[in-house]
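A.B. asks: This structure is in structure tokens; I'll ask about it shortly.
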Amino acid sequence: MLNIIDDKLQELGITKNYKGYNQLKLTLMLALEDETRLLSVTKSIYEPLSEKHGYSYQTIERNIRTVVSKIYKENYSKLCETARYKLPKEPTASEFIAILVSDMQRSVV
């Protein structure tokens, strides 16, 4: 699953030099393990990661938002292709995570 996540992020133009890269990767791993975590991203994903890795959950979300913003601005068409619909505005961090989880679940099946 790690290779699928790395491939998808690189496909969207995100490389490992972004602070949010590894945080997003860990977030996606947790969401893929149990997609019910998407119902409460802060409580079920950001907070456990913040406790384990020593970041505040706000920092994790901000770093992921930075990644989302970059993709939206620089690779909008690929993001829409991944989402399978035209995005009327920049997705929130949790919406972006849900988009990627759905896409990766489709590619595994």
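A.B. asks: Within the range 50-85, can you find the residues that are closer than 16 Å to THR15 by Cα and either under 12 Å from the mean Cα position of the chain (by Cα) or modelled with pLDDT under 95 (or both)?
C.D. replies: Within the range 50-85, ASN63, ILE64, ARG65, THR66, VAL67, VAL68, SER69, ILE71, LEU79 meet the criteria.
A.B. asks: Take the residues in the range 20-44 that are of a type in the set (Ser, Thr, Tyr) and more than 20 Å from VAL108 (Cβ to Cβ); name whichever of them is surrounded by the most Cβ atoms within 10 Å (Cβ to Cβ).
C.D. replies: The selected residue is TYR21.
A.B. asks: Which condition does ASP103 not pass, out of (1) within 16 Å of LEU9 (Cβ to Cβ); (2) without any contact (Cβ under 8 Å) to a residue 40 or more places away in the chain, if it passes all the others?
C.D. replies: Here ASP103 clears every test but (2).
A.B. asks: Which one is surrounded by the fewest Cβ atoms within 10 Å (Cβ to Cβ), of the residues in the range 1-19 that are in a helix (DSSP H, G or I) and among the β-branched types (Val, Ile, Thr)?
C.D. replies: ILE4
A.B. asks: For the range 86-109, enumerate the residues that are at pLDDT below 95 and of a type in the set (Lys, Arg).
C.D. replies: Result: ARG106, single match.
A.B. asks: Spot the failing condition for GLU47; the list is (1) more than 18 Å from PHE96 (Cβ to Cβ); (2) buried (at least 16 other Cβ atoms within 10 Å of the Cβ), and only one is missed.
C.D. replies: Going through (1) more than 18 Å from PHE96 (Cβ to Cβ); (2) buried (at least 16 other Cβ atoms within 10 Å of the Cβ) one by one, GLU47 breaks only (2).
A.B. asks: What are the pairs, 6+ residues apart or on separate chains, where a residue within the range 5-19 that is under 20 Å from CYS80 (Cβ atoms) has its Cβ under 7 Å from a residue that is among the small types (Gly, Ala, Ser) and assigned to a helix (DSSP H, G or I)?
C.D. replies: Note: no pairs meet the criteria.
A.B. asks: Report, ordered by the first and then the second residue, all pairs with beta carbons closer than 6 Å, sequence separation of six or more or different chains, a first member in the range 41-63 that is free of Cβ contacts under 8 Å to residues at least 40 places away in the same chain, and a second member that is of a type in the set (Asp, Glu).
C.D. replies: Sorted first by the residue in the range 41-63, then by its partner, the pairs are TYR46/GLU61; TYR57/GLU47.
A.B. asks: Filter the range 50-65 down to the residues that are of a type in the set (Asp, Glu) and crowded, with 16+ Cβ neighbours inside 10 Å and list them by number.
C.D. replies: Listed by number, the list holds a single entry, GLU61.
A.B. asks: Under the condition of being of a type in the set (Ser, Thr, Tyr), touching a Lys or Arg at 6+ places or on another chain (Cβ under 9 Å) and touching a residue at least 40 places away in the same chain (Cβ under 8 Å), which residue from the range 66-100 is surrounded by the fewest Cβ atoms within 10 Å (Cβ to Cβ)?
C.D. replies: It comes out as THR66.
The values are calculated or read from the model by the stated rules, or taken from the named source; none is laboratory data. Remember, it's a predicted structure, so these values are computed and weren't measured experimentally. Every residue, glycine among them, receives a Cβ derived from its backbone with ideal geometry; neighbour counts consider all protein chains shown.
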